[in-house]
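> One structure is given below, represented as structure tokens, and several questions about it will come after.
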Amino acid sequence: MKFSFLWLVPFLCFFSGYYLIFRLTAVSSVETPRVVGLLLQDALKMLAASQLQAQIIAEKEEADLPDGLVLDQMPHPQQQIKISQPLYLTIARKPPHARAPNLLGMTKETAVQEAQSQAIRIKFHELESNYPVGYCFGHYPVAGEPLEDEALDVYVSAGITTTRIFPSCKDMPVQDVESFCKKLGMTVHIFHAHKIAEDHECACTVREQKPLAGTLIDLKKPLIVQLIVEQP
């Protein structure tokens, strides 16, 4: 009789060892934190504090949301999750920037049509050049580069104009000023600020002028330049 329970010893040892191994290797669980609405870097910090890992399973293009914003998570908040189990995340991604088209050589009208077909805004800048009027000879960003705010600065030719800004002639030798003006077909009248000798060889400098410096002039129209000069 005293040996009638010895057959149970192996089973008790087996179950005791199994229970001990289970306790040593059992993975504890935690409550799933809420990371929806956080940026990815902040979500990763929160999960690391709970000894959890993250796995991105999907990205959605959202133009109005910050890049990397967590949109969804599995398991959902407040569910139990094992420490070894990853949290599956869906995050927002900004749509890729549009690329600048190649508008070089186009007319202004054609460039507008091309930009409209790609939903790109254009800001034109007309500059004097030897190209035909309305010819697109440059733009920024250049073709193939990303567009910030889907906007493109386009430079088109205004052709050759005859409008110029009259320069400042003050303190310049009158002979140089007179020569410059006559090359452009201007008539020059010189007045001395002080009385001069009859044999005066003019090496004076300009004290005052008309038109004033900065005045817009048209080279196609006759222009009289008046200079008041004095000896240096």
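The values are calculated or read from the model by the stated rules, or taken from the named source; none is laboratory data. For clarity, every value in this text was computed on a predicted model and none was experimentally measured. Note: ideal-geometry Cβ built from the backbone for every residue, glycine included; neighbour counts use all protein chains shown.
> Here is a list: Cys169, Cys181, Cys136. Which entry is over 30 Å from Glu31 (Cβ atoms), among the hydrophobic types (A, V, I, L, M, F, W, C) and not assigned by TED's automatic domain parsing to the domain that holds Pro222?
Details: Cys169 fails: not assigned by TED's automatic domain parsing to the domain that holds Pro222; Cys181 fails: not assigned by TED's automatic domain parsing to the domain that holds Pro222.
On inspection, the qualifying residue turns out to be Cys136.
> Still on this structure: Sort through Ala111, Ala143 and tell me the only one that's part of a helix (DSSP H, G or I) and out of contact with any Gly (no Cβ under 7 Å at 6 or more places or on another chain). Don't jump to the end; show me each part of the working.
Numbers: Ala143 fails: part of a helix (DSSP H, G or I).
The conditions single out Ala111.
> Restrict the check to region 174-191 and report whether at least one residue is of a type in the set (Val, Ile, Thr), part of a strand (DSSP E or B) and surrounded by 14 or more Cβ atoms within 10 Å (Cβ to Cβ).
To start, the set of residues in region 174-191 that are of a type in the set (Val, Ile, Thr) comprises 174, 177, 187-188, 190.
Subset that is part of a strand (DSSP E or B): 187-188, 190.
Those still in the list that are surrounded by 14 or more Cβ atoms within 10 Å (Cβ to Cβ) too: 188, 190.
Among the residues of region 174-191, at least one is of a type in the set (Val, Ile, Thr), part of a strand (DSSP E or B) and surrounded by 14 or more Cβ atoms within 10 Å (Cβ to Cβ), which makes the answer yes.
> Looking only at residues in region 62-108 that are of a type in the set (D, E, K, R) and assigned to a loop (DSSP other than H, G, I, E, B), which one is surrounded by the most Cβ atoms within 10 Å (Cβ to Cβ)?
For region 62-108, the residue satisfying everything is Glu62.
> Keeping to region 28-64, report how many residues are closer than 27 Å to His97 by Cα and among the β-branched types (Val, Ile, Thr).
Going through region 28-64 one residue at a time, the tally reaches 3.
> Applying the selection to region 115-140, what residues are of a type outside the set (S, T, N, Q), within 21 Å of the chain's Cα centre (by Cα) and not in a strand (DSSP E or B)?
Selection gives Ala115, Ala119, Ile120.
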